[in-house]
Amino acid sequence: MGYEHLICEKDRSAHIATVTLNRPEKLNAIDRQMHQEIMALGNDLQQDDDIWVIIWTGKGRGFCSGADVVDGARFKLEKDTPLNDRLTEDHWNSTQGKMLYEIDKPMIAAVNGVAAGAGYSLALSCDIRVGSEEARFTTIYSRRNLPPEGGMSYMLPRIVGMGRAMDLMLTSRMVGAEEAYRLGLLDRLVKPDDLLSTAREIAKQMTEIPPAASRITKRTIRRAMDDDFNSSSSYEVYSGKLTAMTPKDGEEARLSFDKKRKPKFIGR
């Protein structure tokens, strides 16, 4: 599938995909077409065994300013709207949020500017958020007479805590990069010129780990967020058995450790 509103660079040798939201004149606001492209590309990257880590960023001054309400991004029904889309109980933002959250490969948000509404939710869907000094966040939903969407009500309290999440969602105030870093919205804060190189360096470190181990670890941690201690401990044991599905990487991990050399994992 060709993409008009997304740029996807797959570095297969490095096992890293960089996805750039590409509507800079709209601060990368999400319209129907971009939403459809995000859905298609997200599913493609999940299935691509050559891609182990995904970076999301925006072109121009913004990361993603949310839904394009000017162009009708509330996605009213059109003549060509598929029946499945007409009958779904989910809003488009919910469907997109679920798809992104269910990607079990490590994802990094490189937040280069404003992240608002659906763009904020997209950033929260990522496992690590690296922000430039120009990053800004606003939940915006309550100011539009809307509840939080895209999984924000689930993810934001788990990232910054209940009280801070209430503050951010009930005021919809704009949060600058330094405060976002203090709150835990951003995990790294860097100069604008260092944003993508920092995100790629983190991604490179992640690809030095067997991809099965990364994906299983992500699944285990996310499951533990809603489980009790005993259930989490039992799932850790179960997850350990899944690494047997990649015996070559298991053998490489042992050999490289014994021979004190850098391992070369292949995802098998």
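The values are calculated or read from the model by the stated rules, or taken from the named source; none is laboratory data. If you're wondering where the values come from, they're calculated on a predicted model, not measured in any experiment. Neighbour counts are summed over all protein chains in view; Cβ atoms, including those assigned to glycine, are modelled from backbone coordinates with ideal geometry.
What the table shows:
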read-out: Failed item in (1) assigned by TED's automatic domain parsing to the domain that holds residue 119; (2) modelled with pLDDT under 95, with residue 1 passing the rest; value: (1)
read-out: Verdict on residue 80 being surrounded by 15 or more Cβ atoms within 10 Å (Cβ to Cβ), more than 19 Å from the chain's Cα centre (by Cα) and either outside the structural domain of residue 133 (by TED's automatic domain parsing) or modelled with pLDDT under 95 (or both); value: no
read-out: Residue within the stretch 226-238 that is surrounded by 17 or more Cβ atoms within 10 Å (Cβ to Cβ) and assigned to a helix (DSSP H, G or I) present; value: no
read-out: Only listed residue being in a helix (DSSP H, G or I), outside the structural domain of residue 14 (by TED's automatic domain parsing) and either at pLDDT 95 or above or at negative phi (or both), chosen from 223, 164; value: 223
read-out: Of residues in the stretch 33-71 being of a type in the set (D, E, K, R) and in a loop (DSSP other than H, G, I, E, B), the one modelled with the lowest pLDDT; value: 71
read-out: Selected residue (only one of 144, 158, 136 is over 20 Å from the mean Cα position of the chain (by Cα) and not acidic (Asp, Glu)); value: 144
read-out: Options 199, 244, 253, 212; residue that is of a type outside the set (D, E, K, R), buried (at least 17 other Cβ atoms within 10 Å of the Cβ) and at pLDDT below 85; value: 253
read-out: First in the stretch 37-62 and closer than 26 Å to residue 134 by Cβ, second anywhere and among the acidic types (Asp, Glu) and in a loop (DSSP other than H, G, I, E, B), Cβ under 8 Å, 6 or more apart; value: 37/4; 61/134
read-out: Flag for residue 150 being assigned by TED's automatic domain parsing to the domain that holds residue 21 and in a loop (DSSP other than H, G, I, E, B); value: yes
read-out: Failed condition for residue 112, given (1) over 11 Å from the mean Cα position of the chain (by Cα); (2) without any contact (Cβ under 8 Å) to a residue 40 or more places away in the chain; value: (2)
read-out: Residue satisfying condition, being surrounded by 18 or more Cβ atoms within 10 Å (Cβ to Cβ), at negative phi and not polar (S, T, N, Q), within set 157, 106; value: 106
read-out: Test: residue in the stretch 258-266 that is in contact (Cβ under 8 Å) with a residue 12 or more places away in the chain and assigned to a helix (DSSP H, G or I); value: no
